[in-house]
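Read-outs: derived from the displayed coordinates by stated rules, not from any lab. Keep in mind it's a predicted model, so treat the numbers as computed, not measured. Positions of Cβ are backbone-derived with ideal geometry, glycine not excepted, and every protein chain shown enters the neighbour counts.
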Amino acid sequence: MAFLNLFKTKFFLFILLPALLLGFSDNIKAQDTAMVVQSIGTGIIRGKDVAAAREEAISNAMVTSVQRAMTDLIPAETFISNFKKLDESIFANVGDYILEYKILAENSSGKSYRIMVETTLFAKKIRQMLSSLETVSDKTELPKVLFFLAEQNVGDILPSFWWGEDPSFIKSHSEKAFANSLVKHGFSIIDHEGMLLYQSGTTYINNPYLSNREAIELGKLLNADIILVGTAIAQVEPATMGATVRSFKAELSIRAIRTDTGEEIASMDQQSFAVSGNNASGGRDALSNAGTVAGKSLAPRIAQAWKNAETTSGQIQIFVNGTSNLGSFVNLRKSLAQVPGVTNLRIKETMADEALILVNYTGSAENLAKALTQKSFDNFNINIFEVGHKHISMDLIPGQGDPRR
């Protein structure tokens with residue numbers, strides 16, 4: 001059919017995006033193999049070509065039907081973040097997801113031709129496509145980790161560390177191995193390479209041996225949830241294995257600390273060994289071995305401590321009005337996730353212009369509301385009009401740079 005050729009044009013982006021931003025909802029009837037959606041499409045009558053305008057209206061209605069079916073199945077922000085993939089895989093081939101359609105009503109007014117269509121979609125096919133996308137998970141998200149691990153290899157006079165005045169520090173061998181083990185367990189590692197803390201308004205600390213308080217302050221600056229603080233030192237073992245082969249030992253001592261509460265949730269001392277004929281490579285291998293073993297050991301302990309803390313923290317409901325401005329809504333959630341003490345943020349329910357967010361928070365709803373009011377936002381503001389024992393209600397208010405004003 002002629003309308004299928006229109007699906008690959010840019011025209012549909014202008015039809016799709018307004019519908020998405022307005023958050024329309026339809027009565028979508030889910031069946032084992034089909035979804036039935038009613039939608040309205042509009043075509044422009046150019047000259048006297050009513051037939052072309054009619055097909056354009058049908059095409060637009062088809063795109064809107066598929067879009068509405070998908071936004072009923074996934075959160076709006078997932079739709080936004082995966083729009084390029086959806087555009088290339090689904091919206092460029094809308095006809096592949098349509099079983100049949102029938103026209104319910106149609107009318108022309110001036111230069112516009114509108115048509116109401118009932119579309120039957122391949123539900124299973126759409127769900128299979130959407131299942132590959134990143135969706136909001138109810139699982140506990142693991143924390144963002146930042147290393148403060150000073151390292152001294154064989155031949156080094158003093159330990160090297162990245163948080164001082166010298167910007168030339170390269171990640172230590174023990175840290176690289178340790179971080180690799182954490183990543184395999186699902187942790188996010190904050191990359192500090194090349195960062196100069198004193199340029200961000202914080203006084204650098206020329207000391208490899210940080211106190212918990214010093215490390216926490218620096219960790220908060222870089223939005224870390226957990227900081228790993230310690231030292232790793234390599235040395236040549238006294239006993240030799242021959243004229244050219246020597247044994248090397250690395251001693252790693254580290255502690256894991258929450259930046260929001262200052263609680264030390266895990267610690268360990270690890271010794272590892274390596275054999276080499278070269279001091280630098282022998283020390284490096286011993287340090288890497290220590291980092292790998294320590295990472296494997298501490299990863300599950302840190303994860304369990306983090307999850308245990310979340311189960312004891314209170315769940316707070318946040319009711320948000322004005323979510324049809326999806327860009328502001330996404331930015332609000334990002335800001336909310338960065339509030340110290342907030343974990344396991346997820347969207348419970350979305351409506352046309354409203355949403356319900358659930359978070360775990362170590363403090364009270366009043367403290368969380370206060371923390372939000374102290375944040376600054378780009379192109380929008382918030383108005384918290386109600387704070388209860390376990391809930392917060394707020395409005396998203398467009399700012400001067402917001403296109404809705």
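Odds and ends about this structure:
- Distant-in-sequence amide H partners of Leu210 (H built 1.01 Å from N, under 5 Å): none
- Estimated FRET transfer efficiency when R0 is 35 angstrom, pair Ser281-Asn212 (beta carbons, to 0.05): 0.55
- Extending 7 Å from the Cα toward the beta-carbon at both Asp96 and Glu193 defines two label points whose distance is 3.8 nm.
- Amide hydrogen neighbours beyond the local backbone of Phe377, cut-off 5 Å, H modeled: none
- Note on Gln304 and Ile44: with the Förster distance fixed at 51 Å, the Cβ-Cβ geometry gives a FRET efficiency of about 0.25.
- 5 angstrom amide H check on Ser112, placed H, neighbours 5+ away: Ile45
- Take the Cα of Asp395, go 7 Å toward its beta carbon, and the backbone nitrogen atoms of the stretch 322-339 under 11 Å from that spot belong to 322.
- Peptides ranked, highest mean first, by Cβ atoms within 10 Å: ranges 384-393, 263-272: 263-272, 384-393
- Under the Karplus curve 6.51 cos²θ - 1.76 cosθ + 1.60, θ = phi - 60°, whole-Hz ³J(HN,Hα) for the stretch 361-375, x wherever Gly or Pro sits: 9, 6, x, 8, 4, 4, 5, 5, 4, 5, 5, 5, 5, 8, 8
- Gained length - Ser267 relative to Glu354, 0.36 nm times residue gap less alpha-carbon distance: 26.9 nm
- Residues Met394, Met129 arranged by fewest to most Cβ contacts within 10 Å: Met129, Met394
- The stretch 314-398: C-alpha pair distances exceeding 17 Å, %: 38
- Taking θ as phi - 60° and the Karplus parameters 6.51, -1.76 and 1.60, the scalar couplings of the stretch 320-335 work out to 10, 9, x, 7, 5, 7, 5, x, 5, 5, 5, 5, 4, 5, 5, 5 Hz in sequence order, x denoting glycine and proline.
- Whole-Hz ³J(HN,Hα) from phi, Karplus 6.51 cos²θ - 1.76 cosθ + 1.60, for the stretch 297-302, glycine and proline x: 6, 7, 3, x, 5, 5
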